1. Take peptides 300-312, 25-37, 196-208, 52-64 and line them up by average Cβ neighbours within 10 Å, highest first, as a rough protection proxy.
2. Subtract the Cα-Cα distance of Leu396 and Thr162 from 0.36 nm times their separation in residues, and report this length gain in nm to one decimal.
3. Suppose every Lys and Arg Cβ carries +1 and every Asp and Glu Cβ carries -1, with no other charges. What dipole size does segment 326-391 come out with about its Cα centre, to the nearest 20 debye?
4. Where nothing but the Cβ of Lys and Arg (+1) and of Asp and Glu (-1) is charged, how large is the charge dipole of the chain around its Cα centre, in debye to the nearest 20?
5. Per the chain: cysteines with no other Cys C-beta under 4.7 angstrom?
6. For a distance above 40 Å, tell me the whole-number percent of Cα pairs in the chain that qualify.
7. Does a label point 7 Å from the Cα of Asp179, set along Cα-to-beta-carbon, have any residues of segment 111-150 with amide nitrogen under 16 Å, and which are they?
8. Could you pull out the trypsin sites (Lys or Arg not before Pro) across segment 253-330 that fall in loop regions by DSSP (anything but H, G, I, E, B) with no more than 15 other Cβ atoms inside 10 Å?
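Read-outs throughout are calculated quantities, based only on the coordinates presented, and are distinct from any laboratory measurement. Being a predicted model, the structure only gives us computed values, none of them experimental. FYI the Cβ positions are ideal-geometry reconstructions off the backbone, even for glycines, and counts take in every protein chain you see.
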Amino acid sequence: MAKPVTRFVCQSCGAVTLKWAGKCETCGEWNTIEEETLAARPGPAGKASAGKRVAFVGLAGTAEPPPRAPVGIPELDRVLGGGLVPSSVVLVGGDPGIGKSTLLLQAAAQLARSGRRVLYVSGEESIEQVRLRARRLGVSDTAIELAAAVNVRDIIASLEQTKDAALVVIDSIQTMWLDSIESAPGTVAQVRACSFELIRLAKTGTFSLVLVGHVTKDGSLAGPRVVEHMVDAVLYFEGDRGHQFRILRAVKNRFGATDEIGVFEMTERGLAEVPNPSALFLAERRGNIAGSAVFAGLEGTRPVLVEVQALLAPNPGGSPRRSVIGWDGGRLGMLLAVLETRAGVRMNQTDVYLNIAGGLRVNEPAADLAIAAAIASAAFDKPTSPGMVYFGEVGLSGEVRQVAQAEARLKEAAKLGFDSAALPRRLAHGNRKLAAPEGLRLEEIGHITDLVARFAPESAKNG
Ligand code: TYD
Ligand code: MG
């Protein structure tokens with residue numbers, strides 16, 4: 001019998017070394033290398049078996065779109081790309097406590113209500129705890145089959161018996177355990193091996209498999225991102241703990257578009273869908289306050305309006321603070337430098353606080369113009385016009401650049417009752433005409449100085 005082979009694996013990046021070391025040479029992390037035992041492969045004694053021939057085919061041929069089973073929660077189905085695909089594997093990641101188990105129990109219940117067979121394996125919570133949650137969510141009456149188990153061999157043996165399941169949820173992959181691997185549950189080796197076994201089963205079966213994964217502090221799934229590469233879709237459930245909004249975001253999807261989001265609101269009775277997130281993100285906006293501007297943003301294919309808030313506080317002497325919530329701090333630094341250098345807005349003795357209201361995280365450069373407007377509005381203590389939305393990317397020379405999907409943004413603004421939009425100037429050479437909704441006034445901003453001029457008092461403009 002072959003003796004077990006051991007090797008050393010970095011728990012952060014997955015690099016394999018022959019010797020233990022305090023620091024991983026690949027990713028530079030300290031104290032992340034652990035010994036792992038590989039089970040000797042039970043193969044034909046002595047010699048490697050000859051491989052079978054792989055059939056190669058041409059590209060032309062029938063390719064049916066994957067069949068989909070909509071879950072019945074539109075916000076979730078959108079992010080999935082239309083619904084669950086049989087024999088596919090979805091990883092749902094997120095911080096502990098963000099609401100993954102709640103979301104999946106609700107999804108499971110919805111599927112079960114439509115008459116399909118759903119199995120829910122909880123490795124973290126006892127049957128009683130899951131039942132308690134089900135009662136709170138009002139789904140106790142659904143025909144979900146529940147098990148509390150962590151042994152993957154047992155789980156696979158049971159799943160092999162149940163041929164007709166539509167959905168199997170494993171909550172969470174970090175609690176799963178395979179007896180042929182010596183390391184503890186949650187280590188790279190265990191997570192990888194358990195995922196591999198479960199995914200292999202899903203690929204040969206007809207059910208959709210959902211794996212729940214906890215995210216570590218730095219935003220990666222605990223263990224290296226091994227699981228992300230193995231699955232068909234990766235969805236992240238995120239949100240600010242202080243807010244009731246939760247956003248489900250696809251970061252990988254072999255069966256649909258990524259960068260789609262689903263918006264949910266946390267309630268006593270579980271997650272409620274938010275079909276119109278703009279109204280929600282603008283709900284607490286007070287008009288007529290300097291330092292606030294509305295950004296007409298885009299999340300996936302969906303336009304979302306959000307309020308951007310800037311607060312400036314004098315800080316003579318010390319080094320000024322820049323504090324950002326919901327946006328990129330580096331980008332704020334760039335924008336402040338452009339405002340100062342190109343438009344003369346002095347900021348070197350001012351603390352700048354920037355907040356995207358509602359707890360949304362904005363990643364688009366198109367937010368530049370709205371953020372610049374909020375800052376300029378705060379700097380000159382003059383409110384932005386209450387019915388105006390802003391979008392446009394700001395370049396280093398202060399020019400305002402085109403962004404994608406202007407029409408979708410304008411449409412959403414009109415839908416929510418805004419009457420004007422500040423946007424990049426259309427380039428002269430043959431750009432097709434922008435189809436703006438009727439009644440929406442467009443104000444083209446070619447350069448950051450044009451924006452600042454809207455807020456600066458007359459005296460400043462001349463001097
Ligand atoms: P849970 O679903 O257990 O989070 P995760 O599986 O990601 O660790 O939710 C965490 C807690 O929040 C739990 O005590 C229930 C509560 N909660 C609500 O009360 N309402 C909600 O809508 C959600 C999503 C969670
Ligand atoms: Mg959970």
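1. Numbers: 300-312: 20.8, 25-37: 14.5, 196-208: 18.0, 52-64: 5.5.
Top of the packing list down: 300-312, 196-208, 25-37, 52-64.
2. On the way: separation 234, 0.36 × 234 = 84.24 nm, distance 5.99 nm.
Answer, rounded to one decimal: 78.3 nm.
3. Values: 5 positive and 6 negative charges, 14 e Å.
Rounded to the nearest 20 debye, it is 60 debye.
4. On the way: 52 positive and 50 negative charges, 166 e Å.
The dipole of the chain has a size of about 800 debye.
5. For the chain, the answer is Cys194, because their Cβ atoms have no other cysteine Cβ under 4.7 Å.
6. Values: 37902 of 106953 pairs.
Within the chain, distances greater than 40 Å cover 35 percent of Cα pairs.
7. 149-150
8. On the way: sites: Arg254, Arg269, Arg285, Arg286, Arg321, Arg322; in loops: Arg254, Arg269, Arg285, Arg286, Arg321.
The qualifying sites are Arg254, Arg269, Arg286, Arg321.
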